1. Across the range 90-140, what is the number of residues that are more than 19 Å from the chain's Cα centre (by Cα), under 23 Å from residue 159 (Cβ atoms) and of a type in the set (Gly, Ala, Ser)?
2. Under 7 Å between Cβ atoms, which residue pairs at least 6 apart in sequence (or on different chains) link something in the range 21-48 that is touching a residue at least 60 places away in the same chain (Cβ under 8 Å) and closer than 14 Å to residue 84 by Cα with a partner that is surrounded by 12 or more Cβ atoms within 10 Å (Cβ to Cβ) and of a type in the set (Lys, Arg)?
3. Determine if the range 12-33 includes at least one residue that is surrounded by 11 or more Cβ atoms within 10 Å (Cβ to Cβ) and touching a Pro at 6+ places or on another chain (Cβ under 9 Å).
4. Pull out all pairs, ordered by first then second residue, where Cβ-Cβ is under 7 Å, the residues are six or more apart or on different chains, the first lies in the range 141-162 and is within 19 Å of residue 41 (Cα to Cα), and the second is assigned to a loop (DSSP other than H, G, I, E, B).
5. Residues to consider are 46, 37; find the one that is touching a Gly at 6+ places or on another chain (Cβ under 9 Å), buried (at least 16 other Cβ atoms within 10 Å of the Cβ) and either in a loop (DSSP other than H, G, I, E, B) or among the hydrophobic types (A, V, I, L, M, F, W, C) (or both).
6. Taking residue 155 as the residue in question, decide whether it is within 30 Å of residue 49 (Cβ to Cβ), of a type in the set (A, V, I, L, M) and in a loop (DSSP other than H, G, I, E, B).
7. Mind checking whether some residue in the range 52-71 is closer than 23 Å to residue 162 by Cα and under 21 Å from the mean Cα position of the chain (by Cα)?
8. Any idea which of 66, 54, 151 is touching a helix residue (DSSP H, G or I) at 6+ places or on another chain (Cβ under 9 Å) and either over 24 Å from residue 38 (Cβ atoms) or surrounded by 10 or more Cβ atoms within 10 Å (Cβ to Cβ) (or both)?
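Where a number appears in this text, it was derived from the coordinates with a stated rule and is not lab data. Computed from a predicted model, the values in this text were never measured in an experiment. We place every Cβ from the backbone using ideal geometry, glycine too, and count neighbours over all the protein chains shown.
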Amino acid sequence: DSERLVASPLARIPRADENADRRRQPRALTENELVRLLDAARRRPLAEALLFNRGWRKGKPGAHLRPETSARLEALGRERALVYKVLTLTGLRLGELASIRICDVVLDGNDPHIILDAKNEKNREGSLIQLRADLADDLRRWINGRTGADRLFAVNANLVKVFDRDLRF
């Protein structure tokens with residue numbers, strides 16, 4: 001704009017074809033990989049807590065936990081595995097899943113579904129998301145005894161980092 005150069009030195013460099021040279025090919029998880037991921041998500045919180053954190057035994061099993069801590073970590077693992085299962089089988093985005101309340105999940109009758117408000121959905125139209133029978137049973141067990149205004153899952157912004165650690169586990 002200041003006309004200090006007569007011609008741009010970058011004008012002669014051809015634009016790279018991103019489709020011809022993709023560094024990372026995206027793909028869906030296979031059924032076996034998904035089963036292993038759900039199992040790892042369920043087991044990892046307790047398994048990592050049972051490892052020593054410091055000292056010469058760091059990373060080795062044998063740490064002792066209180067029963068209430070073990071129960072809390074097992075519940076966290078069950079929740080995390082169910083979150084991944086819901087995301088996989090419904091196609092919801094993370095923000096959409098975080099916005100779902102218990103009262104939005106309809107499990108009665110022959111047509112279990114989730115009602116997604118338009119304000120929480122990307123296309124702002126609102127949706128009715130059908131649930132498979134096995135997922136509906138899992139959600140029924142998860143919701144048992146909880147009130148309708150509560151969030152369905154405690155989803156935070158770090159779930160992607162947790163997901164990566166579950167994949168490595």
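1. Of the residues in the range 90-140, 1 are more than 19 Å from the chain's Cα centre (by Cα), under 23 Å from residue 159 (Cβ atoms) and of a type in the set (Gly, Ala, Ser).
2. 41/80
3. no
4. 152/100
5. Among 46, 37, only 46 is touching a Gly at 6+ places or on another chain (Cβ under 9 Å), buried (at least 16 other Cβ atoms within 10 Å of the Cβ) and either in a loop (DSSP other than H, G, I, E, B) or among the hydrophobic types (A, V, I, L, M, F, W, C) (or both).
6. On the way: within 30 Å of residue 49 (Cβ to Cβ): yes; of a type in the set (A, V, I, L, M): yes; in a loop (DSSP other than H, G, I, E, B): yes.
Answer is yes for this residue.
7. Checked the range 52-71: no residue is closer than 23 Å to residue 162 by Cα and under 21 Å from the mean Cα position of the chain (by Cα).
8. On the way: 66 fails: touching a helix residue (DSSP H, G or I) at 6+ places or on another chain (Cβ under 9 Å); 54 fails: touching a helix residue (DSSP H, G or I) at 6+ places or on another chain (Cβ under 9 Å).
One residue alone meets the criteria, 151.
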